[in-house]
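The values are calculated or read from the model by the stated rules, or taken from the named source; none is laboratory data. Quick caveat: nothing in here was measured; it's all calculated off a predicted structure. Using ideal geometry, Cβ is built from the backbone for each residue, glycine included, and neighbour counts are taken over all protein chains shown. These area figures cover heavy atoms from the full protein model, side chains too; ligands, DNA and RNA do not enter into them. Shrake-Rupley method; radii C 1.70, N 1.55, O 1.52, S 1.80 Å.
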Amino acid sequence: MRVHTHRTKEPALWIIDAEQWPRACLRAELIERGYNPYGFITIADALDSLSRGMSPKPEALVLELRGQNLTHQVIETIRKLRIPRILLGGNSELNDLLIRQHQWDIVLKRPFSLGTVADLIQKVVPANQTEPRPAV
């Protein structure tokens, strides 16, 4: 017996973090919560993937500042995406003049948990609901 459910498309998200394990763990948590997260090492990788059609336009992005080489042009490019931008960083990154000159939707200062980040994403971009599968 086949059971059909109506699946809706999971919202695409960008997770940009130069460190593999935090990026992978956050992606796994977001997949469990009904999202379609794409992981990138740098914001340049993410923008390149979008321009080449390898990634859909995200509904939000999470940018860990550690290890990123941001410029005014890159920040302006992600601003033009017109999506929520969640910025993660420590004191030194968040106090950088380039970062402070621009407006960000949400800024989280270390330390924080991946669960806190995932909870924020759920508030900003609710996951699409799917019909529950009947118990077999």
Within segment 121-136, is there a residue that is in contact with a strand residue (DSSP E or B) (Cβ under 7 Å, 6 or more places away or on another chain) and closer than 18 Å to Pro22 by Cβ? yes
Taking segment 101-113, which residues are more than 17 Å from Ile75 (Cβ to Cβ) and assigned to a strand (DSSP E or B)? Leu108, Lys109
Checking Ala118 against (1) outside any loop (DSSP other than H, G, I, E, B); (2) in contact with a strand residue (DSSP E or B) (Cβ under 7 Å, 6 or more places away or on another chain); (3) open to solvent by less than 40 Å² (accessible area, probe 1.4 Å), only one condition comes out false. Which one? (2)
Pick out the one residue from Ala60, Ala46 that is open to solvent by less than 20 Å² (accessible area, probe 1.4 Å), in contact (Cβ under 8 Å) with a residue 40 or more places away in the chain, out of contact with any Asp or Glu (no Cβ under 7 Å at 6 or more places or on another chain) and small (Gly, Ala, Ser). Ala60
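One line per residue, one yes/no per condition, for (1) assigned to a loop (DSSP other than H, G, I, E, B); (2) open to solvent by 30 Å² or more (accessible area, probe 1.4 Å):
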{"residue": "Gly39", "(1), (2)": "no, yes"}
{"residue": "Pro56", "(1), (2)": "yes, yes"}
{"residue": "Glu93", "(1), (2)": "no, yes"}
{"residue": "Ile99", "(1), (2)": "no, no"}
Restricting to segment 75-91, and then to whatever is part of a helix (DSSP H, G or I) and surrounded by fewer than 17 Cβ atoms within 10 Å (Cβ to Cβ), can you tell me which residue is nearest to the chain's Cα centre (by Cα)? Arg79
With the structure loaded, tell me whether Ser55 is among the polar types (S, T, N, Q), over 18 Å from Ala118 (Cα atoms) and in contact with a strand residue (DSSP E or B) (Cβ under 8 Å, 6 or more places away or on another chain) or whether it fails that test. yes
Looking at Leu30, Leu26 in this structure, which one is part of a helix (DSSP H, G or I), touching a Gly at 6+ places or on another chain (Cβ under 9 Å) and surrounded by 19 or more Cβ atoms within 10 Å (Cβ to Cβ)? Leu26
